[in-house]
Amino acid sequence: MSAPHPLAIDPVRDAAEVSRFWSSVVRGPGEDDCWVWVGAISDDGYGRFWVKREGRQRAVRPHRYALVLANDGAPLPPDWVSLHLCDVALCVRANSHVVAGTPRENSRDMAEKGRVRGRWNRWLPGTGRDRAERSRAVRNALRDGWDAHRFRDALHGVNEHPTLF
Ligand SMILES: [Zn+2]
């Protein structure tokens, strides 16, 4: 699959598509809670949301889609990158947990802000496969809706393989 630039998502104007997007998101009720994508997950642990553009299906990353939504549906500048301040790959809470900016902003200003707010709840980065396992555990934890304890356990690897083996 040839991927266009990951942030170069076309404008979002389709209300049905937007509502389909939110139907795959579980929102924590708290001010600082994550909004978690519970739809399809890619092998690298990030979500995958299918949209149709110019007659073709395209997979986009949900957190980037959320950033476009938060930007009134307009595409983000192509050289911008996105960053999860909360370190939850499936989180789509744009403009607070997921931010976009130039690479320089992201590596410095945003990182500092995240640290100040205590959001660098960092585990070792690990591989895409580790992230994918964690993401699947998180999605499972929220299968029946928001559950702060199950969510936290899934993030920290508790019961990562419940009764599967
Ligand atoms: Zn988050």
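Numerical summary
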read-out: Residue-span extension gain [Arg143 to Ser24] - 0.36 nm each, minus C-alpha spacing; value: 41.8 nm
read-out: Leu90, Leu67 arranged by Cβ crowding within 10 Å, fewest neighbours leading; value: Leu67, Leu90
read-out: Cα gyration tensor shape of segment 39-101, rounded if a/c is under 1.5, else prolate or oblate by comparing a/b with b/c; value: oblate
read-out: Exposure proxy order (Cβ contacts within 10 Å, fewest to most) of Trp50, Trp146; value: Trp50, Trp146
read-out: Per-pair calculated FRET efficiency, R0 = 22 Å: Asn95 and Arg53 via Cβ, rounded to 0.05; value: 0.40
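Where a number appears in this text, it was derived from the coordinates with a stated rule and is not lab data. Note that the structure is a prediction, hence the values are computed from the model and not measured. Positions of Cβ are generated from backbone atoms using ideal geometry, with glycine treated the same way; all protein chains shown enter the neighbour counts.
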